[in-house]
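The values are calculated or read from the model by the stated rules, or taken from the named source; none is laboratory data. Computed from a predicted structure; not experimentally measured. Virtual Cβ from ideal backbone geometry, glycine too; neighbours counted across all protein chains shown. When the accessible area is computed, the model is the full protein with side chains, heavy atoms only, and any ligands, DNA or RNA have been set aside. Shrake-Rupley method; radii C 1.70, N 1.55, O 1.52, S 1.80 Å.
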Amino acid sequence: MIYHIVKFGNPVLDKPSEKVTVFDEELEKLTEDMFESMYAAHGVGLAAPQIGIARRIAVIDVTFKEDPNARLVLINPEIIHTEGRHTQSEGCLSIPDFRENVTRPNKVTIRAQDVHGKVYEKTGEDLLARAFLHETDHLNGKLYISHISALKRDLMKRKIRKMMKAGEW
Ligand code: NI
């Protein structure tokens, strides 16, 4: 099932998501649907609040289907270590057609649970590190635009408000 992706302006994107405590078939199906929804939207990461579900679940595939082993399910993820700094253009499926340079650590270790509840740790660099941070931010009710200058953010918000008024958002 492909979910509709909610956009900036929807309050579900601004609130911290709830911890997952039940690891059942429903959760497994949801993560599969999240991959399907992410691929359909041409994304490399998707967090549950982006489909209107405020639970601490995210999926990532920075290879976009090329490597099946690159598919990652992050349940209740936590950032446990970061290193370095890297600036790169970043976007979000919930803020379509906008991109901004964002400076973030370029080596990141997370601790998360897989779809069966098993705890794992994984270190990612570059795009994967960025995805770990971006998706974990989503679960904390934060968007990447909180990492850009207030000036750029206000400009972007003004453009979005205009699009909303025109019924284009
Ligand atoms: Ni995003």
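Observations
- Length-normalised contact order of the chain in % [C-alpha pairs under 8 Å, at least 6 apart]: 23 percent
- Estimated inter-spin distance, Tyr120 and Leu155, nm [label 7 Å along Cα→Cβ]: 4.1 nm
- In sequence order, calculated HN-Hα J values of the stretch 81-96 (Karplus, 6.51, -1.76, 1.60; Hz; x Gly/Pro): 7, 9, 8, x, 9, 8, 10, 8, 5, 9, x, 8, 4, 8, 10, x
- Partners of Lys19 within straight-line reach, counting lysines whose Cα lies under 17 Å from its Cα and excluding those fewer than 8 residues away in the same chain: Lys118, Lys142.
- Highest-first arrangement of 3-14, 157-168, where packing means the average Cβ count within 10 Å: 3-14, 157-168
- Peptides 119-125, 141-147 ranked from most to least packed give 141-147, 119-125, packing being the mean of other C-beta atoms within 10 angstrom over each peptide's residues.
- 3J(HN,Hα) couplings calculated from phi for the stretch 5-10 with the Karplus curve 6.51 cos²θ - 1.76 cosθ + 1.60 (θ = phi - 60°) are, in sequence order, 9, 7, 10, 3, x, 7 Hz; Gly and Pro show x.
- Expressed as a whole percent, the accessible area of the chain that falls on carbon and sulfur atoms is 49 (1.4 Å probe).
- Taking amide H as placed 1.01 Å from N in the peptide plane, Glu18 has its amide H under 5 Å from the amide H of Arg55, Arg56, each at least 5 places away in sequence or on another chain.
- Computed log₁₀ I(q)/I(0) - Debye formula, equal Cα scatterers, no solvent, the chain, q 0.08, 0.17, 0.19 Å⁻¹: -0.22, -1.05, -1.31
- Based on DSSP H segments of at least four residues, each scored -39500 (n - 2.57), the chain has a per-residue ellipticity at 222 nm of -9000 deg cm²/dmol.
- Helix 25-40 axis, angle to the chain major axis (alpha carbon atoms, nearest 10°): 40 degrees
- Karplus (6.51, -1.76, 1.60) ³J(HN,Hα), θ = phi - 60°, over the stretch 55-72, in Hz, Gly and Pro reported as x: 10, 7, 9, 9, 10, 9, 8, 6, 8, 6, 6, 5, 10, x, 6, 7, 6, 10
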